[in-house]
Each structure stands twice: as C-alpha cells, then as structure tokens.
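Participant: Dropping a structure here in structure tokens format, bear with me for questions.
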Amino acid sequence: MAETAPTKTSKSGKKPSDSGAAVASRVKNQSLGKARDAKQDEFYTQLSDIERELKHYKKYFKNKVVYCNCDDPRVSNFFHYFSYNFDRLGLKKLVTTCYKSQHRDLFSQHDSEQAIHLAYCGGNAGTGVPDPEEIGIQYLKGDGDFRSEESLALLKEADIVVTNPPFSLFREYIAQLIQYDKKFLVVGNQNAISYKEIFNHIIENRMWLGNRSGDMAFQVPDHYEERETRFWVDENGQKWRSLGNACWFTNLDIAKRHEELILYKEYNPRDYPAYVNYDAIEVGKTSDIPANYPGAMGVPVTFLDKYNPDQFEILGSSRTLGQPMSQVAERGSYAQGGPRFYLANGDGTYQRLYDRIVIKNRMLKAS
C-alpha cells in the first residue's frame, strides 16, 4: 500500500479543507444522527393515521407539488398515500427524500448508505401504489438532511410539505418551513407547544393543531430497545411504540379550527381561584371555561386542540407571564422549578401548576 503524506493542520487545529460550509455540514450530520440514534426519532406513521388526517385537506392539493422530505419511498406510508391518491387529489408532482441509512438493521432494509430522491408525476392511475424502483430512485450527492442544499432546492419548488420529521429537531424543522413560506402538515409531539419558538408561531397564527391529537401508534426500527409501557411486538416481529400526546401541526385551515366551543359553566371565585403570581384565574379543564368571564384565564395546553381564533385570543403562557415566586412569597413556601403559575393553599404555602396557556374570550368585553 502506498504511503500518503500526513495532512497538515492550521494552528486552530482545522484541516485546510475544513471550510465553514464543510464544518456546518458535519455539525448538521451529527445533530441529525443524534436525533435518530440517541433520541430514537424514527417513528413510522401508520397509513390509517395519515388517511384519517389527510381527508380533511383534500381541497388544498389540486395541481400542487407535495414534498415529503423525511421519507424513504420504499417504506414510507406518506409516499404510499400520495402516490395511490395522486389522481384523486389532482397532484402535480410528488417528491420524497430521506436521510441516508445509518443502521443495517433498520426495518426499512436499506442496502445503501446513500440518501435517495424520488419524483413522481403520476401515470399509474388504477394500478395501485407505484413501485419506487420502476419510477426511478435517484441518489443524492449529500446525506439527505432536510437542511442540505439539495433538500432546500427541492423545498423551494414545493407547495406543501407533509411528513413526520425528527421530533428532537422539530423547532429547526418548523423554522425552515416558516422561513420559506411553505404550507405544511406534519406529525409532532404536543410537548413541542412548550417550545418558545413553536408557541410564538401559534400565538401569531402561523401554525396550529390539525384535526386529530392524542394516541398514535408508530412502527420503530428493530434496534430500538424494549420499553415497559407503550411498546409491543406484533405477530410479524415488528416493534411498535405509541404516543399519547402525538398530534398534527399545520398552517392549512380546516373547519374544526372555526367550530365554536360550547361553554356552559358560570364563573365564581371559589371554583376559579386567581393565581398569586399573575392576574388570571385557573381553569383546570377546557370544558370548564366559564361562559361569562371576560378576563384572562389559564387553561391546560390541551386547550389548543379546541382553539378557535375567532372565539378566543391567546395572550401567552405561564412560562413567560408568571412573576417569579421569589418576588411573591418566602422561600420554602412553594415548590421551585421553571416559570409556572401558583395557587395559594390557604396555609401559607403555594401549589405549583403544570404549564398553562393564557386566553381571553373575544366574545366578551372586560369591564
């Protein structure tokens, strides 16, 4: 074997080829790899869940380019759905890309570590789901990261993005869609609502929850470790996990978003105590929102599943609005932690609550 000269390094320790772009690319690769490996972010959405949600958006897809940028067409149910319904939806084009395989034991059975790209323009009417191999799978030069130059070029050509992105990169993923002014419908975790960036998008009506939230089951790769809860293996040996707080996020308007929430409770100070560190009342359940209270109310995060922007205004959340308890009560009289609202227990101590969203009823005028 011929010897090669050692690579020179600069005083900074970087190789001469380590341009800013190259370093940034490696950082992206590492973060996406961590998202998929350490975070175990590969949750494969069931076709039935896709069908149940997508039926509410049919009018948006006519003559549009749909981009699924976290989907291997050989195994993706998003590709299955859109290719099978290509003509019924009136699509112009379907594009899918996926991050390169990092594990030989992934249930998708990748035989290559190259990222792939597929573009489908129809022509398979009445014959079922087209075979990706027959359409012509193309290999990307890069790794298929949704932030790569190749993926961004495809994103710019797309009208609507529909996929299940890595949950641990959700903030960055949504930020990219907002930046490029794309319509989208993506699977996520309701915990993402607590992210400052995501919540700000919701307040500004740049995104909202889709039609369905709650329990969803996902196929996961074989290398995922078993868990005591919300995990099972089916009769075919396929591993599954379920999430009780899965949901769809979108900026496509749907009828549910404008359904009036029927309110039947009446306000009284005993059932609706005021917080000690913010001027609002506590409403423990969305169904308990009083019909006659015009002021600020703290409601659970799950309220967003019923949120009608014509009926309610979102003012903020307990993470940003609550006054620090150190300015309100003596240390030791309350449970410490991140920003939250507190209620008085009546004995000099205070109860720390879960995250709350602060709303007002637009139909009522504050006195």
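The values are calculated or read from the model by the stated rules, or taken from the named source; none is laboratory data. Being a predicted model, the structure only gives us computed values, none of them experimental. In this analysis, Cβ positions are derived from the backbone assuming ideal geometry, glycine residues included, and neighbour counts consider all displayed protein chains.
Participant: Identify all residues within the range 266-324 that are in contact with a helix residue (DSSP H, G or I) (Cβ under 7 Å, 6 or more places away or on another chain) and closer than 22 Å to residue 346 by Cβ; write none if there are none.
Facilitator: 277, 278, 298
Participant: In the range 74-98, which residues are closer than 17 Å to residue 218 by Cβ and part of a loop (DSSP other than H, G, I, E, B)?
Facilitator: Residues satisfying the conditions are 75, 76.
Participant: Search the range 321-347 for residues that are farther than 9 Å from residue 277 by Cα and pair each with any residue that is among the small types (Gly, Ala, Ser) and part of a strand (DSSP E or B) when their beta-carbon atoms are under 6 Å apart and the residues are at least 6 apart or on different chains.
Facilitator: none
For (1) part of a helix (DSSP H, G or I); (2) surrounded by 17 or more Cβ atoms within 10 Å (Cβ to Cβ); (3) within 31 Å of the chain's Cα centre (by Cα), each residue gets a yes or a no:
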residue: 303; (1), (2), (3): yes, yes, yes
residue: 323; (1), (2), (3): no, no, yes
residue: 326; (1), (2), (3): yes, no, no
residue: 330; (1), (2), (3): no, no, no
residue: 365; (1), (2), (3): no, no, no
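Participant: For the range 121-230, please list each of the helices (runs of 4 or more DSSP H) lying entirely inside it that holds at least 3 residues being at pLDDT 85 or above and more than 24 Å from residue 62 (Cβ to Cβ).
Facilitator: 149-157, 170-179, 196-203
Participant: State which residue is modelled with the lowest pLDDT when the search covers only the range 37-51 and only residues that are in a loop (DSSP other than H, G, I, E, B) and of a type in the set (S, T, N, Q).
Facilitator: Taking the candidates together, the pick is 40.
Participant: Then there's this: Pick from the range 200-218 the residues that are over 21 Å from residue 258 (Cβ atoms) and touching a helix residue (DSSP H, G or I) at 6+ places or on another chain (Cβ under 9 Å): which of them is surrounded by the most Cβ atoms within 10 Å (Cβ to Cβ)?
Facilitator: Just the residues of the range 200-218 that are over 21 Å from residue 258 (Cβ atoms), to begin with: 200, 215-218.
Now restrict to residues that are touching a helix residue (DSSP H, G or I) at 6+ places or on another chain (Cβ under 9 Å): 216-218.
Details: 216: 24, 217: 17, 218: 19.
Among those that are over 21 Å from residue 258 (Cβ atoms) and touching a helix residue (DSSP H, G or I) at 6+ places or on another chain (Cβ under 9 Å), it is 216.
Participant: Report yes if some residue within the range 52-72 is modelled with pLDDT of 50 or more, assigned to a helix (DSSP H, G or I), hydroxyl-bearing (Ser, Thr, Tyr) and more than 18 Å from the chain's Cα centre (by Cα); otherwise report no. Can you show your working first?
Facilitator: Filtering the range 52-72 down to residues modelled with pLDDT of 50 or more leaves 52-72.
Next cut, assigned to a helix (DSSP H, G or I) only: 52-54, 58-60.
Okay, now just the ones that are also hydroxyl-bearing (Ser, Thr, Tyr), so 60.
Remaining after also requiring more than 18 Å from the chain's Cα centre (by Cα): 60.
The answer is yes; a qualifying residue exists.
Participant: Can you tell me which residue among 292, 251 is closer than 25 Å to residue 187 by Cα and either without any contact (Cβ under 8 Å) to a residue 40 or more places away in the chain or among the polar types (S, T, N, Q) (or both)? Working first, answer last.
Facilitator: Numbers: 292 fails: closer than 25 Å to residue 187 by Cα.
Of 292, 251, the one residue that is closer than 25 Å to residue 187 by Cα and either without any contact (Cβ under 8 Å) to a residue 40 or more places away in the chain or among the polar types (S, T, N, Q) (or both) is 251.
Participant: Using beta carbons and a limit of 8 Å, which pairs, at least six apart or on different chains, have the first residue in the range 113-131 and over 24 Å from residue 157 (Cα atoms) and the second one hydroxyl-bearing (Ser, Thr, Tyr) and at pLDDT below 80?
Facilitator: Pairs that qualify, where the first residue is over 24 Å from residue 157 (Cα atoms) and the partner is hydroxyl-bearing (Ser, Thr, Tyr) and at pLDDT below 80, are 113/101.
Participant: Could I ask something else about it? Restricting to the range 40-71, name every residue that is of a type in the set (Ser, Thr, Tyr) and either in contact with a Ser or Thr (Cβ under 6 Å, 6 or more places away or on another chain) or within 17 Å of residue 160 (Cα to Cα) (or both). Break it down into steps so the answer makes sense when it comes.
Facilitator: If we filter the range 40-71 for residues that are of a type in the set (Ser, Thr, Tyr), which is where we start, we get 44-45, 48, 57, 60, 67.
Once the filter is applied, which keeps residues that are of a type in the set (Ser, Thr, Tyr) and either in contact with a Ser or Thr (Cβ under 6 Å, 6 or more places away or on another chain) or within 17 Å of residue 160 (Cα to Cα) (or both), the range 40-71 yields 57, 60, 67.
Participant: Among the residues of the range 340-360, is any over 23 Å from residue 244 (Cα atoms), under 23 Å from the mean Cα position of the chain (by Cα) and surrounded by 15 or more Cβ atoms within 10 Å (Cβ to Cβ)?
Facilitator: yes
Participant: Looking at residue 298, is it in a strand (DSSP E or B), at pLDDT 95 or above and farther than 30 Å from residue 76 by Cβ?
Facilitator: Here the answer is yes, as residue 298 does meet what is asked.
Participant: When residues of the range 307-321 are filtered for being farther than 17 Å from residue 282 by Cβ, buried (at least 19 other Cβ atoms within 10 Å of the Cβ) and not aromatic (Phe, Trp, Tyr), how many remain? Even if it seems obvious, please write down each step before you answer.
Facilitator: Kept after step one, since they are farther than 17 Å from residue 282 by Cβ, are these residues of the range 307-321: 307-311, 313, 320.
Of the ones still in play, those that are also buried (at least 19 other Cβ atoms within 10 Å of the Cβ) are 307.
Narrowing the set further to residues that are not aromatic (Phe, Trp, Tyr) leaves none.
Summing the residues that are farther than 17 Å from residue 282 by Cβ, buried (at least 19 other Cβ atoms within 10 Å of the Cβ) and not aromatic (Phe, Trp, Tyr) in the range 307-321 gives 0.
For every residue, the table says whether it meets (1) closer than 30 Å to residue 53 by Cβ; (2) in contact with a His (Cβ under 6 Å, 6 or more places away or on another chain); (3) of a type outside the set (S, T, N, Q).
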{"residue": "290", "(1), (2), (3)": "no, no, yes"}
{"residue": "300", "(1), (2), (3)": "yes, no, yes"}
{"residue": "320", "(1), (2), (3)": "no, no, no"}
{"residue": "323", "(1), (2), (3)": "no, no, no"}
{"residue": "328", "(1), (2), (3)": "no, no, yes"}
{"residue": "331", "(1), (2), (3)": "no, no, yes"}
{"residue": "338", "(1), (2), (3)": "no, no, yes"}
{"residue": "356", "(1), (2), (3)": "yes, no, yes"}
{"residue": "360", "(1), (2), (3)": "yes, no, yes"}
